[in-house]
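Here's the structure we're looking at; comments come further down.
The values are calculated or read from the model by the stated rules, or taken from the named source; none is laboratory data. Predicted model only: the values in this text are computed from it and were never measured. Ideal geometry is used to build each Cβ from the backbone, glycine not excepted, and the neighbour counts take in all protein chains shown. These area figures cover heavy atoms from the full protein model, side chains too; ligands, DNA and RNA do not enter into them. Shrake-Rupley method; radii C 1.70, N 1.55, O 1.52, S 1.80 Å.
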Amino acid sequence: MSAGEARGSCHCGAVRFVARFPSRFVAHCHCASCRRAHGAAFVTWAGFPSAQVDVVEGRDALAAHESSAGTRRLFCGRCGTKLLFMSERWPGETHVALAAFDEPVDRPPTGHVFWDEHVPWLPPLAAPPE
Ligand SMILES: [Zn+2]
Ligand SMILES: [Zn+2]
């Protein structure tokens with residue numbers, strides 16, 4: 001373990017990954033696609049250049065779901081944990097689900113994206129968009 005990276009894993013532990021700093025951003029995504037894919041009000045992503053993210057264990061357990069044309073969501077095929085997101089919209093970038101990290105990343109979430117798609121049932125503790 002070094003301070004220059006953070007490791008993460010799926011719920012069952014079959015898939016393990018490492019992301020090397022610096023990240024490009026950490027943000028809460030409120031888009032309807034993330035919401036449905038993750039079964040959550042919003043998904044917090046840490047974005048990295050793809051070359052800085054490696055699946056170090058369980059590559060064979062990874063499954064992919066093309067949530068829209070050119071967009072792939074990678075998850076553990078054994079336990080279903082959503083882990084990675086890649087899209088032609090952000091070429092060369094891999095978004096990693098912050099909740100899947102076992103160690104802290106190099107920055108806190110700094111904003112909300114697709115706020116116009118946010119659910120009306122978010123509790124008031126959620127910060128307003130920046
Ligand atoms: Zn798993
Ligand atoms: Zn999203």
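Can you work out which of the residues in the range 75-84 that are open to solvent by 20 Å² or more (accessible area, probe 1.4 Å) and assigned to a strand (DSSP E or B) is farthest from residue 33 (Cα to Cα)? Quick ask: steps written out before the conclusion?
First pass over the range 75-84, keeping only residues open to solvent by 20 Å² or more (accessible area, probe 1.4 Å): 75, 77-82.
Keeping just the survivors that are assigned to a strand (DSSP E or B) gives 75, 82.
On the way: 75: 15, 82: 13 Å.
Looking at the filtered set, the residue picked out is 75.
Return the residues of the range 25-66 that are more than 16 Å from ligand 1 (Cβ to nearest atom), among the basic types (Lys, Arg) and either part of a strand (DSSP E or B) or loosely packed, with under 14 Cβ neighbours inside 10 Å (or both); say none if nothing qualifies.
36
Looking at 78, 107, which is the one that is over 19 Å from residue 40 (Cα atoms) and within 16 Å of ligand 1 (Cβ to nearest atom)? Walk me through how you get there before you give the answer.
Numbers: 107 fails: within 16 Å of ligand 1 (Cβ to nearest atom).
The match here is 78.
Residues of the range 5-24 being open to solvent by 30 Å² or more (accessible area, probe 1.4 Å), within 16 Å of ligand 1 (Cβ to nearest atom) and in a loop (DSSP other than H, G, I, E, B), which ones?
As a first pass, look at the range 5-24 and keep what is open to solvent by 30 Å² or more (accessible area, probe 1.4 Å): 5, 7, 11-12, 16, 20-22, 24.
Applying the additional criterion that residues be within 16 Å of ligand 1 (Cβ to nearest atom) yields 7, 11-12, 16.
Matches in the range 5-24: 11, 12.
For the range 43-62, which positions are over 11 Å from the mean Cα position of the chain (by Cα) and of a type outside the set (Asp, Glu)?
To start, the set of residues in the range 43-62 that are over 11 Å from the mean Cα position of the chain (by Cα) comprises 49-62.
Answer for the range 43-62, where residues must be over 11 Å from the mean Cα position of the chain (by Cα) and of a type outside the set (Asp, Glu): 49, 50, 51, 52, 53, 55, 56, 58, 59, 61, 62.
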